[in-house]
Amino acid sequence: MPGLIMKPTEGEFPTEIASSVDGNGTFLDNETTTGDDFFFASDSPYLEFQISYLVLAMTLSLVGNMAVIVVVVYDKKLRKPGNYLLCGLSCGDIVQSLIYVPTALKVLTQGLDYVPTGADCVLSGVLFQVACVFSLNALSAIAFDRYQFICNPLHYKTRMTKGKIAGMLLICFILGLVAGIVPYLEGQTFVYMPGYLMCRYRGSLGADRVIMTVCCFIPTVVIMTYTYGNIFREARRHQKRLWQTSNKSSPQEAEFRRGLKTAVTIGIVFVIFWVSWLPFLVTTISLNYKDAKDLTTFQRLAQRISPMVYIVSTFTNPIIYCLRNRTFLKALCNLAEKTFGPKKDAFIMDKRLSIRMKQRKLPARSLSSDIS
């Protein structure tokens with residue numbers, strides 16, 4: 001396949017995306033045949049680096065986010081409304097990873113012989129944008145949940161019920177649908193861009209920017225600013241009250257500290273999301289109208305690197321949960337022991353029972369023998 005050219009029909013936005021691409025996906029113009037354009041090259045070792053990174057990213061995303069969902073369902077202590085929001089965020093990350101990585105791997109390994117076109121490209125482009133906006137708004141919903149837990153602890157259980165949590169997730173999903181579908185309704189389409197290794201919208205930048213601003217940026221910025229401003233203000237008031245009292249180890253104090261720690265954790269997740277998404281956002285906006293043959297080497301590198309940087313946000317959340325939340329880490333370890341190490345688990349239980357029997361001066365009994 002000598003190249004990939006999507007010719008526009010009458011009245012459509014020009015969609016020529018790669019006028020000089022060979023069968024391996026390498027640009028052939030004079031500007032990109034130098035060794036500086038190593039991220040675009042299909043030669044070793046740069047091709048293997050991209051493939052290895054994408055495989056690792058998808059593996060971590062799928063395993064980590066599935067672990068979050070399974071642990072919340074498995075452990076009764078984690079079956080709380082706020083954790084259901086985390087499960088929703090994990091679902092959004094899984095969708096993004098499954099849409100972007102497999103297609104990118106096929107194009108990198110098989111060249112432009114495998115490129116989603118037509119309905120497949122539209123579907124993948126819309127789903128990716130829906131999942132992206134859903135995940136960002138889900139972070140705002142989680143921040144609001146932490147705000148209610150810290151600033152209104154007495155009314156938290158009545159305000160953040162399972163039904164309201166489901167409604168919040170539904171609103172996040174609707175905003176994602178609006179951001180993914182409405183721009184497409186203006187008459188343009190999604191086309192596959194080898195630089196990004198994904199399908200991107202090539203319609204009016206103004207319409208897409210307005211929709212993303214209304215559905216994504218404004219709600220997120222307003223909610224995060226309001227919630228974290230109140231959270232840290234409440235933390236300062238709580239600290240002043242704590243200095244005036246001697247009861248620094250009460251259950252209420254421990255509960256407050258746990259809530260504040262989870263709020264900081266969500267703040268870290270939010271920062272990582274924006275830092276990883278910002279290069280991708282800037283690149284897509286600045287290069288929306290440019291065809292591949294008009295791009296400089298730096299711009300092509302930006303197209304290739306920015307989505308790979310963005311995909312970092314899909315697998316870092318479970319790692320952060322494990323590092324910051326001991327309850328989640330303990331539940332994950334217990335689930336792993338129960339799933340992959342039944343013999344070891346039975347041995348530990350037998351040993352604990354023997355120790356207890358010795359302490360009571362009773363003959364030791366094997367728990368596994370009783371079960372059998």
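Throughout, read-outs are computed from the coordinates displayed, never taken from laboratory work. Note that this is a predicted model, so its numbers are computed, not measured. Glycine also receives a Cβ, built like all others from the backbone with ideal geometry; neighbour counts cover every protein chain displayed.
For the range 99-194, the dipole from Cβ point charges (+1 on Lys and Arg, -1 on Asp and Glu) about the Cα centre works out to 640 debye, to the nearest 20. Classify the range 276-325: rounded, prolate or oblate, from the alpha-carbon gyration tensor (a ≥ b ≥ c, eigenvalue square roots; a/c under 1.5 rounded; otherwise prolate if a/b is larger than b/c)? It comes out prolate by the Cα gyration axes. Sparse packing (at most 13 other Cβ atoms within 10 Å of the Cβ) combined with a DSSP loop state is found for the following chymotrypsin sites (Phe, Trp or Tyr not before Pro) in the range 258-319: TYR289.
Put a dot 7 Å past the Cα of LEU329, heading toward its Cβ, do the same for VAL282, and the two dots end up 3.4 nm apart. Anything over 21 Å Cα to Cα? Flag those among LYS157/LYS330; LYS77/LYS157; LYS240/LYS261; LYS80/LYS330; LYS76/LYS330; LYS80/LYS261, in the order listed. Checking Cα-Cα distances, LYS157/LYS330 exceed 21 Å.
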